[in-house]
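Let me begin by handing over the structure; questions about it come next.
The values are calculated or read from the model by the stated rules, or taken from the named source; none is laboratory data. Not measured: the values here are computed from a predicted model. Cβ placement follows ideal geometry from the backbone for every residue including glycine, while neighbour counts extend to all protein chains displayed.
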Ligand SMILES: [Zn+2]
């Protein structure tokens with residue numbers, strides 16, 4: 001019997017995101033030369049829909065993950081025009097605030113990996 005290791009949802013999201021921060025495009029280059037990013041659960045985006053697909057994850061760099069989790073990010077949902085974007089305003093390292101336009105990732109536990117892949121191919125960044 002061949003055992004296939006189940007990949008975690010955050011790992012799949014990072015792969016879909018091309019291992020780049022959805023806000024700044026950055027990543028930490030690890031010692032093994034692989035880019036390091038994190039998957040952030042964005043609860044305010046949970047109800048956001050595009051083609052009926054809720055999205056509440058962003059792939060972000062370590063700084064922007066912390067800026068979202070422990071900072072005071074401002075979330076704005078604009079479901080009026082497809083494709084559905086969301087605005088997130090976060091504090092940068094220099095103290096300034098910067099708005100970013102993002103398309104959150106669908107929650108794969110609900111929709112499955114291949115649905116998420118098809119969704120991402122249909123909605124390139
Ligand atoms: Zn970033």
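Take region 28-47 and flag every residue that is within 12 Å of the chain's Cα centre (by Cα) and within 16 Å of residue 62 (Cα to Cα).
Across region 28-47, the qualifying residues are 37, 38, 39, 40, 41, 42.
Kindly indicate the residue of region 49-75 that is in a strand (DSSP E or B), modelled with pLDDT of 80 or more and away from the ligand (no atom under 11 Å from the Cβ) and also nearest to residue 39 (Cα to Cα) among those meeting that condition.
Residue satisfying both the conditions and the ranking: 57.
Looking at region 82-110 only, could you name the residues that are modelled with pLDDT under 65 and under 16 Å from residue 41 (Cα atoms)?
107, 108, 109, 110
How many residues does region 17-34 hold that are outside any loop (DSSP other than H, G, I, E, B) and within 11 Å of the ligand (Cβ to nearest atom)?
The total comes to 1.
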